[in-house]
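FYI, it's all coordinate maths here, none of it is from the lab. Keep in mind that what you see is a predicted model, and the values were worked out from it rather than measured. Neighbour counts run over all protein chains shown; Cβ positions are idealised from the backbone, glycine included.
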Amino acid sequence: MSLLAVDAVVVGYGAVDILHGVSIEVNLGEIVSIIGPNGSGKSTLMKAIFGLLKPKQGVVRFNGDDITGLPPHKVVRRGICYVPQAENVFLSLTVQENLEMGGFILNGGVRERTELVYEMFPDLKSAQHKKVGRLSGGQRQMVAIGRSLMLDPRLLLLDEPSAGLAPIYVDGIFQRVLEISRSGVTILIVEQNARKALSVSHRGYVLAAGENRHQGPATALLANEEVRRVYLGG
Amino acid sequence: MAELVVFGLILGSIIALGAIGLSLIYGILRFANFSHGDLMTLGAYAAFLVVVDVMPRLGVSGGQLGPLSFGWPMLLAFLAAMAAVGAVAMAADRLVYQRLRRRRISPIILAIASLGVAIMVRSVIYMAWGGDFRFYTSALRPAMQLPLGIRLRPDEVFVFGMAAALVLLVYLFLERTRMGKALRATADNPDLARISGIDTERMILWVWAIGGGLAAMAGVLLGIESQLRPEMGWSFLLPLFAAVLLGGIGNPYGALVGGLVIGVAQQVSTHFLLPTYKPAVAFAILILVLLFRPKGIFGSRYGY
């Protein structure tokens, strides 16, 4: 059984639909990428899974339970964490406080989890009492991912983790994604940087204009003539 | 002059209590709460009800605490006033603001709605207690003679101490507790707060309870320091907003400094101007801040 199953969701803002019945599945332990051009509805899909947008039709199931339209603060408690593309850190809070907020729903063990995150991102440890607004873009992205790891999620949703980062950080971020996956977290990534994302993924979906266009093993998508030409830039 | 500065700090500590709450509410809800002054008044009268009506009827006089003009029932009145105003503020949210919020109505409309709440609260106070000046006690206590020719009533020392203790409590709450950090996180980025599992509607109730409780205490302390009248809080709005803007909107620590500065400026101005111009001083500072330092003296709202 798949860990996450999105079945024919229709999502829109007001009268305008962005997703016209998109379906995806993510199996336990996988890294799955969703790629596609700007405006294809990738981020909208993430928001719909996480309850920030309510699907007009269709079902989102997590671990077999219907979570369609559940508010975000309840989705978190199911074991899903989400790193939005933008504004994904609390700028006026310190690094330490950002991580604590990531573990807000924990009943204990916040300190231990924080230490684990610092082990993964040693740079953050030395900046732990700095306000995140004072950090560089690359460091902020580490805080954002670190925050989402505080709950030891079963499923991690990453929206454009490499967007806006200097090229030297991009490989580092995908390296982290692999490490997180190895620690037992199932991952769903939305990426502009399609080639990089697929290269670390097991499977991928190509969205276009709010509809499923292609899907399959990442290696097959990387080899597919049409996908290469239209979505991977040759 | 030294005496005016001291009086200014006492007035400023009361302004700060109101302004911190106003700033916290703005930080979370993004609208200017025009009912804040009248919540202060409500707190002052709620304490009056306890001290002058309820306790004597129960046969409790309470006497006087040391050199102060009031007894221990006043401490009970503090708690009652904070609870009452906190509850009224939370109820107003559920009855008025939440309904508007759900319709994604602009902050301007919310601010106007808070003006409506202000008028309702004040009307209830007029109906219940009338428009006359009221006092918690008729007891007169001698002023203390301090260095630099400063003469202070013990009550005024108490007012400042109480305000300082409350500010410290708010600081510890915001910086050290899980709920306080969640409140700051919600003010910073409400979507990310929800994503992190924080129930932001619950945070809104917290901020009304805290802001309302602080407003209540500001009202009671103002009543102890001077007297009670139904317009006391409404006419206090100007210095409150001046303090909030001076400190940077949504920054509670800025509001504290802003409150003290406005209080001192108002009192020191009486050395040069008639006391009736005190509100004008707050207004002048407000205009100057808007013109030259719209983000407040601390610059960025986040203080990083």
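Anything in chain B that counts as a DSSP H helix reaching 30 Å or more along its axis (C-alpha) with Kyte-Doolittle mean of at least -1.0? List them, would you?
Qualifying helices, which must be both long enough and hydrophobic enough, are B:2-29, B:107-129, B:154-176, B:200-225.
Just the C-alpha atoms of the stretch B:189-232: what Rg/Rh do they give, with Rh taken as the Kirkwood radius?
A ratio of 1.29.
Give the average, rounded to an integer, of partner chain Cβ atoms located within 10 angstrom of each Cβ in A:88-100.
Taking all residues of A:88-100 together, the mean is 5.
I need B:M120, A:M101, B:M74, B:M127 ordered by Cβ neighbour count within 10 Å, fewest first.
So the ranking, lowest neighbour count to highest, is B:M127, B:M120, B:M74, A:M101.
Going by C-beta contacts inside 10 Å, put A:M46, B:M144 in order with the fewest on the left.
Going from sparsest to densest Cβ surroundings: B:M144, A:M46.
Remind me, what semi-axes does the protein assembly as shown give for its equivalent ellipsoid, largest first in whole Å, using sqrt of 5 times each Cα gyration tensor eigenvalue? Don't skip to the answer; put the middle values down first.
Details: eigenvalues 595, 106, 83 Å².
They are 55, 23, 20 Å, listed from largest to smallest.
Let me know the mean shielding of B:182-188 by other chains, meaning the per-residue number of their Cβ atoms within 10 Å of its Cβ.
5
Antiparallel DSSP bridges in the protein assembly as shown: what percent, to the nearest 5?
Antiparallel: roughly 60 percent of the beta bridges in the protein assembly as shown.
Averaged over its residues, how many other protein chain Cβ atoms are within 10 Å of peptide A:69-78's Cβ atoms?
4
Add -39500 (n - 2.57) for each DSSP H run of 4 or more in chain A, then divide by its residues: what number comes out at 222 nm, to the nearest 500 deg cm²/dmol?
-10000 deg cm²/dmol
Report D for the stretch A:27-83 in µm² per second (integer): Stokes-Einstein, Kirkwood Rh on Cα pairs, 20 °C, 1.002 mPa s. Could you put the intermediate results ahead of the total?
Details: Rh = 12.3 Å.
It diffuses with D of about 175 µm²/s by this estimate.
What span do the alpha-carbon atoms of chain A cover on each of the three principal axes, reported in whole Å from largest to smallest?
Cα spread of chain A along its principal axes, largest to smallest: 47, 38, 34 Å.
Using the Kirkwood radius over C-alpha pairs as Rh, can you work out the diffusion coefficient of the stretch B:204-299 via Stokes-Einstein at 25 °C, viscosity 0.890 mPa s, in µm² per second?
Details: Rh = 14.1 Å.
Here the translational diffusion coefficient equals 174 µm²/s.
Specify the inter-centroid distance of the stretch B:49-101 and the stretch B:6-31, based on alpha-carbon positions, in whole Å.
Using only Cα atoms, the two centres lie 19 Å from each other.
Which aspartates and glutamates, if any, have their Cα less than 20 Å from the Cα of A:K131, not counting same-chain residues under 8 positions apart?
A:E87, A:E97, A:E100, A:E115, A:E119, A:D123, B:E175, B:D188, B:D191
Please express the shape of the stretch B:24-139 as an equivalent ellipsoid: the semi-axes are the square roots of 5 times the eigenvalues of the C-alpha gyration tensor, given largest first in whole angstrom.
33, 14, 12
Based only on other Cβ atoms within 10 Å, what is the fewest-to-most ordering of A:S181, A:S126, A:S148?
Ordered from fewest to most neighbouring Cβ atoms within 10 Å, A:S181, A:S126, A:S148 come out as A:S126, A:S181, A:S148.
For A:H73, what charge total do you get from the other residues with a beta carbon under 10 Å from its beta carbon, if Lys and Arg give +1 and Asp and Glu give -1?
On the way: positive: A:K74, A:R77, B:R194, B:R202; negative: B:D199, B:E201.
So the environment of A:H73 carries a net charge of +2.
Whole Å is fine, so just give me how far the alpha carbon centre of the stretch A:95-146 lies from that of the stretch B:132-178.
The distance from the Cα centre of the stretch A:95-146 to that of the stretch B:132-178 comes to 40 Å.
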